[in-house]
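The values are calculated or read from the model by the stated rules, or taken from the named source; none is laboratory data. What you see is a predicted model; the values in this text were computed from it and never measured. Reconstructed Cβ throughout: ideal geometry from the backbone, glycine too, with neighbour counts over all protein chains shown.
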C-alpha cells in the first residue's frame, strides 16, 4: 500500500518547470493545485481552478476515461500511472490516494510531467504505466486524422515515398498532406516539425498507440 499524498509532501518538488500537481475530492472536484498546473490549463490564477472537475476541462469521453483510470488509486489504495496525450503533448500522470488530513476528506492527489523519453520495461506490476486512448490534441486539433498520421511518420524519420508506400497513397497525395501540415502548424521546414514533435514527446508513442489517439476507427483494434 502506498502512503497517501498531500500538497505538503509534494512541496519539495513544487516549482520544477513542467511539473503540475493537484488534489481532487472523491467527485473529482479540484480542491488544490500548484501554479504550474493552473498555467498548463491556461489559467492565470490557482483560484480560477478550484471547484472545476475533469468534465469542465475536456470533452465527456476524455474525462470519463481519465476518471476510470484514477479510481483504483482510492478504491484499491495504490498509486496508478498512465501516459496520455494532453494539450498536444505526451504526459506521464501519477495518481495517489489523497491524505484525508490535508482537506478533511478522501480524494486523489495527481502529479503530471511532460514525458519525452520511452517508458522503460519493468517486470514489477507496480511500475505499470497504462495508456489513455482518448487524446486531448490541443493545437494539433487543426490537423485531420490523416494529416496527424503523416505528421507522426514524418517526425519518425520516414520519407514522403516511405509514407506513401505505407499508406497506399501516391507521393503527390502525401506531399499535399505535408504542405498542409506545415501551413497549419507554422513550420517552415521538416527540421522544425521534427524538433517540435520531439519536444512534445510524441515520437515515443508506438505506431499503434498513435493511430488509436488520432483516429477513433483504430481505438478498438
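For the reader, a short list of remarks on this structure follows.
- All helices (runs of 4 or more DSSP H) inside segment 145-221 with 2 or more residues being within 19 Å of the chain's Cα centre (by Cα): 145-155, 190-200, 207-214
- Residue in segment 30-58 that is surrounded by the fewest Cβ atoms within 10 Å (Cβ to Cβ), counting only those that are without any contact (Cβ under 8 Å) to a residue 12 or more places away in the chain and within 16 Å of the chain's Cα centre (by Cα): 42
Residue-wise test of (1) in contact with a strand residue (DSSP E or B) (Cβ under 9 Å, 6 or more places away or on another chain); (2) within 28 Å of residue 209 (Cβ to Cβ); (3) modelled with pLDDT of 95 or more; (4) outside the structural domain of residue 127 (by TED's automatic domain parsing).
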{"position": "20", "(1), (2), (3), (4)": "yes, yes, yes, no"}
{"position": "25", "(1), (2), (3), (4)": "yes, no, yes, no"}
{"position": "41", "(1), (2), (3), (4)": "yes, yes, no, no"}
{"position": "45", "(1), (2), (3), (4)": "no, no, no, no"}
{"position": "51", "(1), (2), (3), (4)": "yes, no, yes, no"}
{"position": "55", "(1), (2), (3), (4)": "no, yes, no, no"}
{"position": "63", "(1), (2), (3), (4)": "yes, yes, yes, no"}
{"position": "70", "(1), (2), (3), (4)": "yes, yes, yes, no"}
{"position": "92", "(1), (2), (3), (4)": "yes, yes, yes, no"}
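- Residue within segment 96-117 that is touching a helix residue (DSSP H, G or I) at 6+ places or on another chain (Cβ under 7 Å), without any contact (Cβ under 8 Å) to a residue 24 or more places away in the chain and in a loop (DSSP other than H, G, I, E, B) present: no
- Positions within segment 118-136 being under 17 Å from the mean Cα position of the chain (by Cα) and free of Cβ contacts under 8 Å to residues at least 60 places away in the same chain, in sequence order: 128, 129
- Filter result for residue 81 (within 24 Å of residue 200 (Cα to Cα), free of Cβ contacts under 8 Å to residues at least 60 places away in the same chain, under 15 Å from the mean Cα position of the chain (by Cα) and part of a helix (DSSP H, G or I)): no
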